[in-house]
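Structure record follows, encoded as structure tokens.
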Amino acid sequence: MQIRLNSRDIECDEGMTILDVAKENNIRIPTLCHQEDFPSEARCRVCLVEVDGKLMPSCSTKAREGMVVETENKNVKRARHMNIELMMSAHMQSCFVDVKDHALCRIVAEEGIKDIRFTPAKEQVLDDMGRAITRDPNKCIKCGRCVQVCRDIQNITAIDFAYRGHHSKVTPYFDKDLHDSYCIKCGQCVLSCPVEAITEQDHIPEVLKAIADSRKHVVVQTAPSIRASLGESFGNEPGTLVKGKMVAAARKLGFDRVFDTNIGADLTIIEEANELIERIKNNRPLPMITSCCPGWVKYAEHFRHDLLPHLSTCKSPHEMLGAVIKSYYAEKQGIKPKDIVVVSIMPCTAKKYESAREEMKDDVDYVLTTREFAKMIKMHKIDFDKLEDEDFDNPLGLSTGAAALFGATGGVMEAALRTAYETATGKTLTKIEFDQVRGIEGIKSGDIEINSITIKFAVAHGMGNVQELLKSYKEYHFIELMACPGGCIGGGGQPIPTTWAIRKKRMEGLYEEDHNLPLRKSHENPVLIKAYEEYLGEIGGRKAHKLLHTKYFERDL
Amino acid sequence: MQILEKTGMKAWNKAVSMKPDDIINLIGEKKLIGRGGACFPTAKKWGFAKEQESDDKYLICNADEGEPGTFKDKFIMENNPENMIEGILIACYTIGAKQAYIYLRREYRYLEKGLKKIIIGMIKKSGTDINIEIILGAGAYICGEETAIINSIEGKRGEPYLKPPYPAVEGLFSKPTVIDNVETLANVPLVMFDENWNPDLRLFSLSGNLKKPGIYEAEVGITMGELMKMGRPDGKIKAVYFGCAGGCMSFKKDTKVDYDVIDKAGCMLGSCTVIAVNEKNSIVDMAAVIAKFFEFESCGKCTPCREGTMRILALLEKISLGYAKPKDIELLEELSIVIRDSALCGLGKSSTTHVLTALSNFRNEFEEKCR
Amino acid sequence: MRGELDKIIDEKKLLLPILTEIQDREGYISEETVREVAKKIGIPMSKIFGAATFYSFLTTKPQGKYVIHICNSPSCYVNGSMNLIKVIEKELGIKSGETTDDGLFTLHIGSCIGCCDNAPAMLINDKEHFNLNKKKVKEILDRCRS
């Protein structure tokens, strides 16, 4: 059909919104509350355009034959500017003075708004006592994106709007702090916020302090997802593998050792595959459900006490590696564990909470998100793109393709199956890629025959899909659950934006990494084979259990 | 009064002997329009819902009368609730709904018991399996808006949502839903049964500086003077407010109170609410009182209404206290226009009519207050 | 409350009537009760809290024995509601939204309650009181106290 947009006749398809048509024709309309992949609620009114003489939100108004649309006339600009002024008077006015890179402040600059004629709103209390996520209600512009994500994708609704009118605010129930609530810390809200009203808790100062402290041996480990995502913060395409530069940057920042969480992932697989086989042999609670996602674990602890016996007792990769660094590595290097500081770079906000859990708090000292890591690199004025590739330190830097997969949904499952199959049957897999669990489909499943038992497995990512899969959990032997859509590469600590298109590209990067690595099965990792021989003892044995396994707690709402 | 004629189930009996399409034609011919303020042709709305194929359909009787100065629906529910219920039954039969809800504002809770009794009696008498339930509101003016009522009944915050989808197609619990005002439904039996039914007779809610405030049935087009005569002014009437959302006009006895005239004056006749304000009251203070109402009742969903109604109140209080400058009046006017143009729903869009009409009719009072 | 909750949920089915019933019985909507309701009907606590705090007649904090909603909309305003509000504020020593120390009265200054032909008016515990003046208001408050 044809519409008239800014005095031009433009062709467009049925079902397109005015915003879609404008984007396709390079006509700029600023937006704020509109999220890609979501139906619009048209709360913010920034995207208003004049349609046949009336102001309508372009994000949710569908194009109709013969529509006459103006995006920059007097009425549109007056309404747009004034609504932005109203929003800015609620958003901390200090942002206007010291322009931060918020979507709202960028629009203020783009629109050339120089004056805010309305008095600021009442100052509100910060919600920043939690370990993982912090909220500054003063910055909140009530766009509703965080609520949409938490409610409609994650199906948790830890936060929602409360009260009415200009008293309305985004908050957990009964005005609680986030860390006092059933929030699982997945950080999807952080990814959606256009003004940094919800962000991760900042641990950069503590890490810088540790690095500067010459008495401390500061070790950094990087999650599987980082190497396929970090590059985005420096202008690279999502999915570009920047492992070598990532390691080089970490060294330039002053870390004493740069290790790879991926070897921790290999270790997790060795323990977890063994645990699975033991459970199947002894008919202990089945299905077994992965436990490396702290967001999922927290969900189970709040809402599914009945599933706690089903969770693998294995710690997550970075926790296992932290434990190994502070025992095996410390002994071998002759360093006192209390002088070692372990810092994990994670795509995840929940891992900040995980590392502080009472039963594991000594393993990893600080967790930094991908974003924080990029910020540190920029703070030190390191020219990331010009860095020469470097390798991880020995010995805890050697890993397999199976570990690389961890960042993608289905990756843990695939890695575990490779090892479970081969160690249980003694045979070699003819095809080691498990396509049934690859890709962005919300729930994936399959089966494999191991010693004449048909092992049924399933994978879900995004808490909405997780809850859906759990309705039929008894059908399976082994389930991988990831709280974040896409798995860890879609985690709350990842570069913003994180859309489905970007998630897919990051996943492709990890599949590429797996494909190109010489070793692709966790149980073949020579460093770990040696570690078991000279330190850990039996797989799943007493020492392994003490260091590498954990427990869970029933939590109320 | 026409509205107090009791049809005693005669209209229902006639309706169930007719085909729904014929009922819709009859209501359409007689030109029954919505009396909740939007004036949408009732037959058309019923027609949309009837067309939808669905096992479940709903009728919601909007008894959330919240426009300040309006108490006509209360009058009906106190004096002729049977007609309203008969109207509900007829509407359900016509559109194919088995479940009706009366969304009764919390402030009218004392009517609930009596209504329940009458409903039980009439359902028995009618022999139908239509179920009528009363849902009590909990104090929110915005819940008079049809999409907000739907959200409220569904257990969500009473915020309005974007249309399309329209309630008649996809409304309560995503099923076809018709939402009709109390007065509209109370007229349905009269339309069906009274040959001399006069569509132009409306219930005017008269209040304010009057010695005889109350509900008066009169034809649309009656003059302001005649209305005031019925209400008996207390003091010299300076201005007339059509509720809070309808705006204000100078009192002139010859002004015809009909939709066109009121519309041309920048006001909204809506549900025929007339509040008389005498000379002792400052228009600026009136504006502040009304601004406070909208600031309190704004749902908070969209930026202009959530943030704007608060700023309108702040500006008016500033003007009222004598601290304002002429540029504050300019800002007040500009902000009023922007809120009117960019708000998401009718509440926001009409929240500043009172400011703009007060400025056009009584600007001197505002300017006198400024330095 | 716990034992009765199942019955209330069964009977009322929809959230708004459930919350109204809870407040009728307990005087307010407590965190504990919301937790139980959430578990039983599968609606997240934050969503219930968001709905409960939206409405003027629902509260998540304990209220007085007598809840006053007095109108300050145009019809009551031009009939002197402001003066009555000042009288009540002085008599009770509280402002809108507050409860007296003895737990007897909670005051809400709010929107039109539909008694415009008997202005000024107020509701106390959902019961209407019309044609108010200073004397009447004081009498009503005294009757509540006794």
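Under a 5 Å amide H cut-off, with hydrogens placed 1.01 Å from N, residue B:237 pairs with nothing among residues at least 5 apart or on other chains.
Using the Cα gyration tensor of region B:2-193, with a ≥ b ≥ c the square roots of its eigenvalues, what is the shape: rounded (a/c below 1.5), prolate (a/b larger than b/c) or oblate (neither)? Rounded, since a/c falls under 1.5. Here the peptides A:542-554, A:382-394 are ranked by packing, the mean other Cβ count within 10 Å, and the order with the highest first is A:542-554, A:382-394.
Reported to the nearest whole Å, the Cα centre-to-centre distance from region B:335-349 to region B:161-191 is 24. Taking Cα atoms only, the orientation of helix B:42-51 departs from the longest principal axis of chain B by about 50 degrees. Separation of region A:449-474 from region C:1-65 is 36 Å, based on Cα centroids. Counting neighbouring Cβ atoms within 10 Å and putting the fewest first, the residues B:336, A:60 line up as A:60, B:336. Entry note, the protein assembly as shown: the mean residue ellipticity at 222 nm calculated from DSSP H runs of n ≥ 4, each adding -39500 (n - 2.57), is -11500 deg cm²/dmol after division by the residues and rounding to the nearest 500. Within the shell defined by Cβ-Cβ distances under 10 Å, the residues around residue C:27 carry a net charge of +1, with Lys and Arg each +1 and Asp and Glu each -1.
For residue C:4 and residue C:131, the FRET efficiency from 1/(1 + (r/R0)^6), where r spans their Cβ atoms and R0 equals 35 Å, is about 0.35.
Using R0 = 41 Å, the C-beta based FRET efficiency linking residue A:124 and residue A:212 works out to 0.75. The phi torsions of region C:59-72, fed into the Karplus equation with coefficients 6.51, -1.76 and 1.60 and a -60° offset, translate into couplings of 9, 9, 10, x, 10, x, 5, 10, 9, 9, 10, 10, 7, 10 Hz, rounded to whole numbers, with Gly and Pro shown as x.
Loop-located trypsin sites (Lys or Arg not before Pro) in region A:400-472 (DSSP state other than H, G, I, E, B) with a sparse environment of at most 13 neighbouring Cβ atoms within 10 Å: A:427, A:431, A:471.
Once both labels are positioned 7 Å from their Cα atoms along Cα-to-Cβ, the gap between residue C:96 and residue A:519 label points is 7.1 nm.
Cα centroids of region B:32-54 and region B:200-236: 29 Å apart.
A cut-off under 10 angstrom between Cβ atoms defines the neighbours of residue B:341, and their net charge, with Lys, Arg +1 and Asp, Glu -1, is +4. Label sites at residue A:78 and residue A:13, each approximated as a point 7 angstrom past Cα along Cα to Cβ, lie 3.8 nm apart. A simple rule links phi to the HN-Hα coupling: the Karplus curve 6.51 cos²θ - 1.76 cosθ + 1.60 with θ = phi - 60°, which for region C:136-143 gives 4, 4, 5, 4, 4, 4, 5, 4 Hz, with x for Gly and Pro. The loop-placed trypsin sites (Lys or Arg not before Pro) in region A:29-66, going by DSSP, that have at most 16 neighbouring Cβ atoms within 10 Å of their Cβ come out as A:64. If a/c stays under 1.5 just call it rounded; otherwise compare a/b with b/c (prolate if a/b is bigger, oblate if not). Do that for region A:167-254, with a ≥ b ≥ c from the square roots of the Cα gyration tensor eigenvalues. Since a/c reaches 1.5 but b/c is at least a/b, the shape of region A:167-254 is classed as oblate.
Using the Cβ-Cβ distance between residue C:86 and residue B:232 with R0 set to 35 Å, the FRET efficiency from 1/(1 + (r/R0)^6) comes to roughly 0.80.
Of B:305, C:144, the sequence from fewest to most neighbouring Cβ atoms within 10 angstrom is C:144, B:305.
As a length-normalised measure over Cα pairs under 8 Å and 6 or more apart, the relative contact order of chain C settles at 20 percent. Peptide B:206-215 has a mean of 5 when you count, residue by residue, the C-beta atoms of other protein chains within 10 Å of its C-beta.
Amide H contacts of residue A:288 (H built 1.01 Å from N, in plane; Pro and chain starts excluded): A:478, A:479 sit under 5 Å, all sequence-distant by 5 or more or on other chains. Label residue B:194 and residue B:56 with points 7 Å out from Cα along Cα→Cβ: what is the distance between them in nm? Label at residue B:194, label at residue B:56, 3.7 nm between them. Mean-square fluctuations from a GNM of chain B, with a 10 angstrom spring cutoff on Cα atoms, peak among B:189, B:233, B:326 at B:326.
According to the square roots a ≥ b ≥ c of the eigenvalues of the Cα gyration tensor, what is the shape class of region A:509-557, taking rounded for a/c under 1.5, prolate for a/b larger than b/c otherwise, and oblate for the remainder? Because a/c hits 1.5 or more and a/b fails to exceed b/c, region A:509-557 counts as oblate.
Relative to the dominant Cα principal axis of chain A, helix A:370-379 is inclined by about 80°. The trypsin sites (Lys or Arg not before Pro) of region C:59-146 that DSSP puts in a loop, and whose beta carbon has at most 11 other beta carbons within 10 Å, are C:95. Legend: mean number of C-beta atoms from other chains within 10 angstrom of residue C-beta atoms, peptide A:323-332, equals 0. Across region A:262-274, coupling constants 3J(HN,Hα) worked out from phi with the 6.51/-1.76/1.60 Karplus curve, θ = phi - 60°, read 4, 5, x, 5, 4, 4, 4, 5, 4, 5, 6, 4, 4 Hz, and Gly and Pro carry x.
Taking the Cα atoms only, what angle lies between the long axis of helix B:81-95 and the longest principal axis of chain B, rounded to 10 degrees? Orientation of helix B:81-95: about 70 degrees from the principal axis.
The relative contact order of region B:201-278, computed from alpha carbon pairs under 8 Å that lie at least 6 residues apart in sequence, is 38 percent. For the segment B:104-114, counting C-beta atoms of other chains within 10 Å of every residue's C-beta and taking the mean gives 4. The H on the amide N of residue B:210, modeled in the peptide plane, is under 5 Å from the matching H of B:234, each at least 5 residues off or on a different chain.
Here, each number is a calculation from the coordinates, and none is a lab measurement. If you're wondering where the values come from, they're calculated on a predicted model, not measured in any experiment. Glycine gets a Cβ as well: all are built from the backbone with ideal geometry, and neighbour counts include every protein chain shown.
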